[in-house]
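*Asks:* One structure coming up, written as structure tokens, with questions to follow.
The values are calculated or read from the model by the stated rules, or taken from the named source; none is laboratory data. Quick caveat, the model's predicted, so the values are computed rather than measured. We place every Cβ from the backbone using ideal geometry, glycine too, and count neighbours over all the protein chains shown. In case anyone asks, the SASA skips ligands and DNA or RNA and just uses the protein heavy atoms, side chains included. Shrake-Rupley method; radii C 1.70, N 1.55, O 1.52, S 1.80 Å.
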Amino acid sequence: MDGETLMRQILDYGSRADPYPLYAELRRTPVCRQEDGSYAVSTYHELLALLHDPRLTSTHPDLEEASGGQFPPSFIAMDPPEHDRVRGLVMRQFGPPHSPHRIHDMRGEMEAAVRELVDAFPAGGEIDVVDAFAYPFPVTVICRLLGVPHEDEPKFRTWADKLVASIDPRPGEDPSVRLREGAETRKELALYLNDLIENGAGGSDGGMLFRLAADHDAEGGPLSRLELVVTAVLLLIAGHETTVNLITNGMLTLLRRPDQWERLRREPEIAPRLVEELLRFEPPVQIIPRRGALTDIEIGGVTIPEGSVVALVLASGNRDPKRFTDPDEFDPDRPDIEHLGFGSGVHSCFGAPLARLEAQIALTELVRRLDNPRLLADPPPYRGSAVLRGPRHLPVAFDRVLP
């Protein structure tokens, strides 16, 4: 296949269920110029180098278009030093060194939310893992993290629905309609979050919005109100979508491998390593579609000209046989799982600790409690997005829900 057209094939919905053979073809030319003039990078070592290269910018005009021009970009679309300032201020309330136990202390709430969802499954029959479990669970967690009142969580689920629809392309659509709908939803969500902050989000018990708004001691701080609202919207979108895919891809991977399903049931302590291998094998973010070359960049024997758009195909790098032994095998005992599932460098996934813990808890509980589960569709129907790749539905039958 012509390397210049491979990305078009990868992005085509017909390849969604299994893009990995196409990634293997793409790796034959590690840095490949595409028919639209952009460059696709698909091999592990070249990807890792570019993820740490300051000559590759994260700023691009598509983000302003997606927001309808109403909001500035979030910090994932900024470059240092402004990126470092905003991300550093948010991290003070999210993780080490200032809040080292923030995610760990949510474990009990996460486990309770998972139990409640599984308890609601029919005693015997069928569920859609996405709609009944993988979709609502991360919304609940993000709401608890931000300090959203419990009675307002259904609003967040509605906004998440609309934002997902604005991200995923629809066949034969006018994309301007989808972008406009997404911008309107972001506006509604931003107004709600602003009101929540005004009214003391989460109260003094430490909802993240409240703590960020009240943090006047940090160097370079505090965040402006607009920065705070934009960051909260980012946490909902990025934190929710990636975790839905991680959990759903995990269930699909395990149900295709009954030996691994039974092993996790017998040995729940392997969950952390299993999730790491899952992040390599079926990463929820497959492609970083648009980075920009600030100057000529020589990589993999190719010079990417200044001003070029660069697509980083992370999922391809995760299956690179020059980096991983038997990369197409799912092996939680793999001694080296230094995957690119959360990116790397200054833009490594901000919510990685949260996503890891959510997936570990979710998959362990599902494996423990579903008796004789089996897939009702394989492959299942996938979402439109090749970037945030995951099943849109995952119908599963089982005999009963164990206590």
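*Asks:* Calculate I(q)/I(0) for the range 270-326 by the Debye formula, one identical point scatterer on each C-alpha and no solvent, and give its log10 at q = 0.29 Å⁻¹ to two decimals.
*Replies:* -1.11
*Asks:* Hey, quick one: spin label on residue 153, modelled 7 Å out along Cα-Cβ, who in the range 175-191 has an amide N within reach, i.e. under 17 Å?
*Replies:* It comes to no residues whatsoever.
*Asks:* For residue 224 paired with residue 262, estimate the spin-label separation in nm (one decimal), with each label point 7 Å from Cα along the Cα-to-Cβ line.
*Replies:* If labels sit at residue 224 and residue 262, their model points lie 6.0 nm apart.
*Asks:* A further question on this structure: Across bins of 10 angstrom width beginning at 0, how are the C-alpha pair distances of the chain distributed, in whole percent?
*Replies:* 4, 22, 32, 27, 12, 1, 0
*Asks:* Here is a follow-up. Rounded to the nearest 0.05, what FRET efficiency do residue 295 and residue 82 give with R0 = 25 Å and r taken as the Cβ-Cβ distance? Could you check?
*Replies:* 0.80
*Asks:* Related question: What FRET efficiency comes out for residue 109 versus residue 45 if R0 is 51 angstrom and r is the Cβ-Cβ distance? Round to the nearest 0.05.
*Replies:* Efficiency computed from Cβ-Cβ geometry: 0.80.
*Asks:* Next question, about the same structure. Is any residue of the range 78-121 close enough, with backbone N under 15 Å, to a label point placed 7 angstrom from the Cα of residue 402 along the Cα-Cβ axis, and if so, which?
*Replies:* 119
*Asks:* If I compute solvent accessible area with a 1.4 Å probe over the protein chains, what percent of it on the chain is carbon and sulfur?
*Replies:* Within the chain, the accessible surface is 52 percent carbon and sulfur.
*Asks:* Binning at 10 angstrom from zero up to the longest distance, how are the C-alpha pair distances of the range 69-138 distributed in percent?
*Replies:* With a bin width of 10 Å, the distribution comes to 16, 26, 26, 23, 8, 1.
*Asks:* Write down, largest first, the equivalent ellipsoid semi-axes of the range 309-403 in whole Å, where each equals the square root of 5 times an eigenvalue of the alpha-carbon gyration tensor.
*Replies:* Gyration-tensor ellipsoid for the range 309-403: 28, 17, 16 Å.
*Asks:* Can you sort 177, 148 by 1.4 Å-probe accessible area, starting with the largest?
*Replies:* 177, 148
*Asks:* How much of the DSSP beta bridge set in the chain is antiparallel, as a percent to the nearest 5?
*Replies:* 90 percent
*Asks:* Starting from the Cα of residue 306, step 7 Å along the direction of its Cβ; do the same at residue 162; then give the gap between the two resulting points in nm.
*Replies:* Going by the 7 Å Cα→Cβ label model, 4.3 nm.
*Asks:* Further, regarding this structure: R0 = 30 Å: FRET efficiency of residue 195 with residue 116, Cβ-based, nearest 0.05?
*Replies:* 0.60
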